[in-house]
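Remarks on the structure that follows.
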């Protein structure tokens, strides 16, 4: 099937399977091959080529074949006009910030974000480039309004956020940003395009760490930014070509392969996380549970409106125990793996101790340490059993 005939009129599963794919003209293979080349043949007269351009195949730093196939698939999955794929999720974040912020500009960022985004905006860009920043509770619309200044050029949110699973109203924040002439960038990694597509709610730039759900197998790194072509072209030129944040052909191919099963995997991630969150709520050993699929979540209504495919596979929870008790619980787990990252086929858990420098931003429930759990593709009942036996074995009653 010619991918040019695949558009938003087709269902998500169809777009996941066929987007970016086409029969290879040389071999007849019905899968795109891995093109492990760093250079491409030049035309008879190359004197008119823009050596920093990305329109034609010149050099893989300017854009490679596998990257283009993946970009086409992701744009279809997000119903977005254009996409640029970079070497990692952090490369995508840094590419957005580097491209659209300069000395004297102001950025508003959610107070609950991935640590790399926090470092970039809270430390590196102010120190190196003189960018002003305000961390605001993006779940509170009035707090976002109050944070915006005349020189605000970018509002950056994560929804759901890492690691506190905070939900932000994309549409309302887009209106605030645009009224001030600023862009809204939304990190969609915890949701994936199966559950949520920020571009449809007014976000100018959607960021995905492809390393997580879209790849889904814990074996490749990549990042993507999606939006209007004029904005994405600027990121291509600055973050990819001139800063060298290009993805490798092999990683692009692996992520392309993983994305085919994204909708099937997300259904299981969503279902397991919901059941686990509901189970944890019933336990006296559990101090709190944060998951947008729970009616008790502060912004459950907003999540239900904009997370139309499901509430995601990540939740946060804390135990009624001390620091060592949290670590004993993890040590006793038999199925759930003690490791960073999320969106893998296996369930992953990480203990965020009370020494996290951002704890003061998280709110009272998160003080004292808590877990971030990424529900994998195992049998849900086995995951629940694993937590039950770990609590018992760790002596947490």
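Quick notes
- Scope the stretch 91-109; condition in contact with a strand residue (DSSP E or B) (Cβ under 7 Å, 6 or more places away or on another chain) and more than 14 Å from residue 235 (Cβ to Cβ); matching residues: 105, 106, 107, 108, 109
- Residue within the stretch 95-106 that is assigned to a strand (DSSP E or B) and either under 30 Å from residue 123 (Cβ atoms) or out of contact with any helix residue (DSSP H, G or I) (no Cβ under 9 Å at 6 or more places or on another chain) (or both) present: yes
- Here residue 296 meets each of (1) free of Cβ contacts under 8 Å to residues at least 40 places away in the same chain; (2) under 26 Å from residue 201 (Cβ atoms); (3) assigned to a helix (DSSP H, G or I) with one exception, condition (3).
- Residues of the stretch 59-71 that are in contact with a strand residue (DSSP E or B) (Cβ under 8 Å, 6 or more places away or on another chain) and surrounded by fewer than 20 Cβ atoms within 10 Å (Cβ to Cβ): 59, 61.
- Candidate set from the stretch 349-376 (those that are crowded, with 19+ Cβ neighbours inside 10 Å and part of a loop (DSSP other than H, G, I, E, B)); member that is modelled with the lowest pLDDT: 369
- The residue that is nearest to the chain's Cα centre (by Cα), counting only those in the stretch 299-323 that are part of a loop (DSSP other than H, G, I, E, B) and more than 16 Å from residue 375 (Cα to Cα), is 307.
- Every test in (1) surrounded by fewer than 24 Cβ atoms within 10 Å (Cβ to Cβ); (2) touching a helix residue (DSSP H, G or I) at 6+ places or on another chain (Cβ under 8 Å); (3) assigned by TED's automatic domain parsing to the domain that holds residue 11 is passed by residue 270 save one, and that test is (3).
- Unique residue being modelled with pLDDT of 95 or more, more than 18 Å from the chain's Cα centre (by Cα) and buried (at least 17 other Cβ atoms within 10 Å of the Cβ) when the list is 263, 249: 249
- Any hit, the stretch 152-164, residues being modelled with pLDDT of 95 or more, surrounded by fewer than 23 Cβ atoms within 10 Å (Cβ to Cβ), more than 15 Å from residue 189 (Cβ to Cβ) and in contact with a strand residue (DSSP E or B) (Cβ under 6 Å, 6 or more places away or on another chain): yes
- Matching residues in the stretch 145-161 - criterion: being touching a residue at least 12 places away in the same chain (Cβ under 8 Å) and more than 21 Å from residue 231 (Cα to Cα): 145, 147, 148, 149, 150, 159, 160, 161
- Looking across 286, 241, one residue alone is in contact with a helix residue (DSSP H, G or I) (Cβ under 9 Å, 6 or more places away or on another chain) and farther than 25 Å from residue 37 by Cα. It is 286.
- Any hit, the stretch 205-218, residues being modelled with pLDDT of 95 or more, surrounded by fewer than 24 Cβ atoms within 10 Å (Cβ to Cβ) and over 30 Å from residue 378 (Cα atoms): no
- Scan of the stretch 46-67 for residues that are within 29 Å of residue 12 (Cα to Cα) and touching a residue at least 24 places away in the same chain (Cβ under 8 Å), ordered by number: 54, 63, 64, 65, 66, 67
The values are calculated or read from the model by the stated rules, or taken from the named source; none is laboratory data. Computed from a predicted model, the values in this text were never measured in an experiment. Note that we place each Cβ from the backbone using ideal geometry, even for glycine, and neighbour counts take in every protein chain shown.
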